[in-house]
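Heads up: the structure comes next, in structure tokens.
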Amino acid sequence: YISLNVSDSSVFISTSFLKFQGSAVLEDKKISINNFGMNYSDFEISDIQAECSLEDMNLDATGNLSLSLFDKSVKTPLSLQISNVIIPKNSLFPESFVMSVTAKEFSGSLLRKTFPVSLNLNYSDNQFIITSSDNVDIKGSLELKNGFLDLSLNNNDFISFGLGGIAKLRNTNLSAYNIRIDLPRLFNYLNLDDLFFIENGILTGDVMLNG
């Protein structure tokens, strides 16, 4: 039995403090995390509860996300599951697993409409297969060995684009292409009338990211 309690700790990063607190218990080959939270500037994750089995490495976690943009709030309950973990004998790293992240309902003063989003990552053979809920419709893959990323997003409402190239920490060469954003439809979701007025317009183009 091992217990760890962290109360109101902070680390200064760049221009602000990263603050965090919470507790964890290791007992009967299971790690339990209770009331963990962290915030940095206008970003906060709170009320994190999690359990991870050290036998099968399955993880279940919940929490709440909140952030501030344009002095308005965005928030959602979050859940994270990792399952179907296969770890080869004499290895510390899994050869396959499934990860699911769900934002149950995005809401807040920035948004006119509430909506859920889910993202699924299926890892095997050094590759992530990426899918999402239909209202976002993300599809693609990321190969870890060479960093090759091939991704598309089309929510059949206000935004669609493709994203491809090399995504590595020290070698990034990505291209966002066939970008199409219907601005009036986008702003139907956003409560920004005090800052912007969009009557009509379609934003199209391509963007390169190198670094």
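Structure values in brief
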| item | result |
| --- | --- |
| Criterion (of a type in the set (Ser, Thr, Tyr) and closer than 24 Å to residue 69 by Cα) met by exactly one of 3, 10, 23, 32 | 10 |
| Whichever residue in region 178-192 is part of a strand (DSSP E or B) and either among the aromatic types (Phe, Trp, Tyr) or within 24 Å of residue 106 (Cα to Cα) (or both) and, among such residues, is most open to solvent (accessible area, probe 1.4 Å) | 180 |
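The values are calculated or read from the model by the stated rules, or taken from the named source; none is laboratory data. Model, not experiment: these values are computed from the prediction. Heads up: the accessible areas ignore ligands, DNA and RNA and are worked out on the full protein's heavy atoms, side chains in. Shrake-Rupley method; radii C 1.70, N 1.55, O 1.52, S 1.80 Å.
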